[in-house]
Amino acid sequence: MTDAPQEQLDGFVQAINDLYLATVRDEGIRRASDAAANLHSGSGYLYAPTEVLEAFSRAIEIGYAAALQDVRQGKLDMDIQGWRPELFEGD
């Protein structure tokens with residue numbers, strides 16, 4: 001038997017909250033929040049239920065925080081050499 005829509009939504013929101021707690025750290029929380037606000041406001045997706053809007057913003061924050069962690073750890077793909085060659089000068 002399939003879950004009711006509210007049970008599916010609750011599971012979705014819980015999964016996002018768990019990922020958020022595992023990914024978004026204090027040092028990046030403000031940047032992640034700002035990025036989410038900018039992307040979210042430009043998405044046109046502003047009139048969903050509050051629970052969905054919060055999950056949407058948190059999902060954006062998770063992606064931003066994960067990318068920020070990769071940059072801080074030096075996990076960059078080689079495309080960045082084309083975008084920011086000054087980062088590699090002097091190597």
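Things worth noting here:
- Loop-located GluC sites (Glu not before Pro) in the chain (DSSP state other than H, G, I, E, B) with a sparse environment of at most 14 neighbouring Cβ atoms within 10 Å: E89.
- The alpha carbon convex hull volume per residue for the chain rounds to 146 Å³.
Only the coordinates and a few stated rules stand behind these numbers; no lab work does. As the structure is a computational prediction, the values presented were derived from the model and not from experiment. Every residue, glycine as well, gets a Cβ built from its backbone with ideal geometry; the counts of neighbours run over all protein chains shown.
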